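This report concerns only the one structure given below.
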Amino acid sequence: MSNRVEPIRSVKGTRDLLPPDTNLWQRVETEAHRVFAAYHYGEIRTPILEETALFARGVGAETDIVMKEMYTFRDRDEESLTLRPEATASVVRAYIEHSLYNQGGVQKLYYLGPMFRRERPQKGRYRQFYQIGAEVLGSQNPLVDVEVLEMLVLFLERVGIREYQLLINSVGCSNCRPAYLEALRAALQDVKATMCADCQRRGDTNPLRVLDCKVEADQPIIEKLPKIIDHLDPECLQHFDRVRSELQARGLAYQITPRLVRGLDYYTRTTFEITSGALGAQNALVGGGRYDGLSEMLGGPPTPGIGFSIGQDRLILAVQAAAALPQGNPLAVYVVWMGEPTLASAARLVRELRAQGVSVEIDYDPMKIKKAMGIANKLQARFAVIIGEGELASGKYQVKDMASGEQKELEPGAIAEYVKQQL
Ligand code: AMP
């Protein structure tokens, strides 16, 4: 009778990221750190657990995220906690909690990390997914909007994404949106009954959300609804015009998309999305926009803000599709040692090379040279260093270029430099 136990599998909608894929994840993250640092952003790390009220207030009680998708639970002391579904609300909470507004000027922050939403899993959509995002707090200057987009585009290009579209819109502000919402509600009165159940409900509770509807049959109806950019007040219109002209001046291509209102409640004025044809059905790669009222909604001082969030899982799919970054972690050197007396010298060389940042592999079990060279091949090592008793006596090791077959004799101290030059 077998008493093997059932193996436990990862939770639905979550996944393990394994090498060599994780190497690509690291490269993308390294590029994010580099590009954001060049624009003088600092990294913020907020907790994954937050009070549920943060998202109910910050993201909006009527949004799909808050209504259907949050991982919310009661802690042992009955407090309601939630695994963050996004990070902007957390960043603004931290901005208020640490009075970052007292530091003067604008605060430019970026983050990387996992988010949690209970969505229906499919390719490019997970329940634990990863975002790379940035936020600027303390300026409503439209040039800041444009700089944020410029940085985003530079980052995408740095990781090799060429095929993408920048979609922009303005959703106005608390001054002009109410009149637009009235116009939208009035227009919906006539057509609502013919729309999907969600739209019928949203038509009353949150009519802006109707514009997000993906139901095929509703699309022609939505196309004819009033457009928010036709209802902007003079300040919002001027802001949007400046964003557009400056994008043009910097050679950043965009497309105005009047229906782009985004799924979260906190957006004001500029909203944007970046889509990529390489992604199939889940083609939204980046979402973002301005949220000038969010700080106040969370109990902070009036503070305009703008930010974006890149879906890292989807970014990796797009990078792979573009074959843009080399994959895997290439091995520079495999060290072959022949006979017990050479092991100590081999181990010393391995340690020295690794200390100089050269990636090295060694097997500690003795084996025949043929087998060891077979392993060097299988690992796709760029070089094999061979140390036998002869090499030990002469003080010069054999360094074999595995691609060309060329072999050189080098003193141990010269190997790191030689290998680095060739890589
Ligand atoms: P959002 O926070 O909804 O504006 O989303 C920003 C970006 O995060 C989207 O454009 C996607 O690339 C990514 N994203 C959102 N939800 C998921 C998910 N469930 N799985 C994978 N990526 C997601």
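Readers should treat all values here as calculations from the given coordinates under stated rules, not as data from a laboratory. All values derive from a computational prediction rather than experimental measurement. Neighbour counts run over all protein chains shown; Cβ positions are idealised from the backbone, glycine included.
Strictly greater than 17 Å: what percent of every Cα pair in the stretch 278-317 meets that? Across the stretch 278-317, Cα pairs with separations above 17 Å total 47 percent. Between the stretch 280-352 and the stretch 116-161, the C-alpha centres lie 14 angstrom from each other. Projecting the Cα atoms of Val35, Ser99, Pro47 onto the charge dipole of the stretch 1-109 (Cβ charges, centred on the Cα centre) puts Val35 farthest toward the positive pole.
The calculated pair-distance distribution of the stretch 1-83 uses every alpha carbon pair, bins of 10 angstrom beginning at 0, and gives 12, 23, 30, 26, 6, 2, 0 percent.
Backbone phi angles across the stretch 288-293, fed through the Karplus curve with coefficients 6.51, -1.76 and 1.60 (θ = phi - 60°), yield HN-Hα couplings of x, x, 8, 9, 5, x Hz in residue order; Gly and Pro are listed as x. Computing FRET efficiency as 1/(1 + (r/R0)^6) for Ala253 and Lys123, where r is the C-beta to C-beta distance and R0 is 45 Å, gives about 0.95.
Averaging the Cα positions of each part gives two centres, and for the stretch 172-217 and the stretch 15-88 these lie 29 Å apart. Principal axis extents of the C-alpha atoms in the stretch 85-235 (largest first, rounded to whole Å): 50, 42, 34.
Compared with the direct C-alpha span, the chain from Arg76 to Arg242 gains 54.6 nm at full extension, assuming 0.36 nm per residue. When each of the peptides 18-28, 96-106 is scored by the mean number of other C-beta atoms lying within 10 Å of its residues, the order from highest to lowest reads 18-28, 96-106. All other residues whose Cβ lies under 11 angstrom from that of Ser394 are scored, Lys and Arg at +1 and Asp and Glu at -1, for a net of -3.
Shown for the stretch 341-423 is the translational diffusion coefficient from the Stokes-Einstein equation, using the Kirkwood radius over Cα pairs, a temperature of 4 °C and a viscosity of 1.567 mPa s: 100 µm²/s. In loop segments of the stretch 90-138 as defined by DSSP, the trypsin sites (Lys or Arg not before Pro) with at most 13 further C-beta atoms inside 10 Å of their C-beta are Lys123.
Give me the tail of P(r) for the chain as a percent: Cα-Cα pairs with distance above 42 Å. Of the Cα pairs, 32 percent sit more than 42 Å apart.
For Cys176, the residues 5 or more places off, or on other chains, whose built amide H falls under 5 Å of its own are Asp233. Subtracting the Cα-Cα distance of Gln165 and Ala414 from 0.36 nm times their residue separation leaves 84.7 nm of extension gain.
For the stretch 326-408, trypsin sites (Lys or Arg not before Pro) are listed when DSSP marks them as loop and at most 10 other Cβ atoms sit within 10 Å of their Cβ; the list is Lys368. Extension gain, Arg15 to Glu157: 0.36 nm times the residue separation minus the Cα-Cα distance gives 48.4 nm. Estimated from helical segments only, the mean residue ellipticity of the chain at 222 nm is -10500 deg cm²/dmol, where each DSSP H run of four or more residues counts as -39500 (n - 2.57). Ordered from longest to shortest, the equivalent ellipsoid semi-axes for the stretch 8-54 are 26, 22, 6 Å, each the square root of 5 times a Cα gyration tensor eigenvalue. Basic side chains Lys and Arg get +1 at the Cβ, acidic Asp and Glu get -1 at the Cβ, and with that the dipole of the stretch 45-183 about its Cα centre reaches some 480 debye.
About its Cα centre, the dipole of the chain is roughly 920 debye, where the only charges are +1 on Lys and Arg Cβ and -1 on Asp and Glu Cβ.
All Cα-Cα separations within the stretch 297-389 were binned at 10 Å from zero, giving a P(r) of 13, 30, 17, 14, 11, 8, 6, 1, each value a whole percent of the pairs. For the stretch 53-113, the spread of Cα coordinates along the three principal axes comes to 37, 27, 22 Å, biggest extent given first. Note that the stretch 110-122 has calculated 3J(HN,Hα) couplings of 9, 8, 9, x, x, 10, 9, 9, 8, 9, 6, x, 6 Hz, one per residue in order, obtained from phi through the Karplus relation 6.51 cos²θ - 1.76 cosθ + 1.60 (θ = phi - 60°); glycine and proline are x.
With N counted as the residues of the stretch 213-299, its alpha-carbon radius of gyration over 2.2 N^0.38 Å works out to 1.24. State which helices in the chain qualify, where a helix is a whole DSSP H run, it must extend 15 Å or more along its own axis by its Cα atoms, and its mean Kyte-Doolittle hydropathy must be at least 1.0. Counting only whole DSSP H runs, the qualifying helices are 142-158. For the stretch 170-212, how big is the tail of P(r) above 12 Å, as a whole percent of Cα pairs? Percent of Cα pairs beyond 12 Å in the stretch 170-212: 57.
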